[in-house]
1. Per residue, how much accessible surface does the chain expose to a 1.4 Å probe? Answer in Å², no decimals.
2. Two decimals, Cα atoms only, Kirkwood Rh: what is Rg/Rh over the chain?
3. In degrees from 0 to 90, rounded to the nearest 10, what is the angle of the helix 2-114 Cα long axis to the longest principal axis of the chain?
4. Within straight cross-link reach of Lys32, meaning Cα distance under 26 Å, which lysines are found once same-chain residues fewer than 8 apart are removed?
5. For Ile70, what accessible area in Å² do you get when you roll a 1.4 Å probe over the heavy atoms of the protein chains, rounding to the nearest 10?
6. Working out 0.36 nm times the residue gap between Leu90 and Ser44, then minus their Cα-Cα distance, what length gain in nm do you get to one decimal?
7. Ignoring ligands, DNA and RNA, what percent of the accessible area of segment 42-107 is carbon or sulfur (1.4 Å)?
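The values are calculated or read from the model by the stated rules, or taken from the named source; none is laboratory data. In this text, all values refer to a predicted model and were calculated from it rather than measured experimentally. Side chains are part of the model used for accessible areas, which takes the heavy atoms of the whole protein and leaves out ligands, DNA and RNA. Shrake-Rupley method; radii C 1.70, N 1.55, O 1.52, S 1.80 Å.
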Amino acid sequence: MGSLSGTSSGASTVTQVSEELQALLMEERKRKRKVSNRESARRSRMRKKKHLDDLTAELTQLREDNHQIILSLNITSQRYLHVEAENSVLRAQTNELSRRLQSLEDIITFLQWKQ
């Protein structure tokens, strides 16, 4: 029986070493998984930050473009009002000149009729 207990003790030691190796392997896998997860999270944060930076830059550019469009619109509106005012003056002058011309034509017609 002594050899059986020696064998059983040897098998028990092998089993114990095997279990310790498995535990070490599992711990190493856990450690690698943690490192991998941390790196993945770091990359994810970097992507998110870059995306946010890109959106912020795009927002800044769009605001600048919008500002330029508003300035252009204001200038165009001012020019339109100026041209509209000039047009109104020219219409009034045209009406006045038409009335004068009509009066002169009436005078000519009267003078021709009188002769």
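1. Working: 10910 Å² over 115 residues.
With all protein chains present, the chain gives 95 Å² per residue.
2. Working: Rg = 48.5 Å, Rh = 24.8 Å.
Looking at the chain, the ratio lands at 1.96.
3. It is inclined by approximately 0 degrees.
4. Lys48, Lys49
5. Accessible area, nearest 10 Å²: 80 Å².
6. Numbers: separation 46, 0.36 × 46 = 16.56 nm, distance 6.74 nm.
Length gained between Leu90 and Ser44: 9.8 nm.
7. 60
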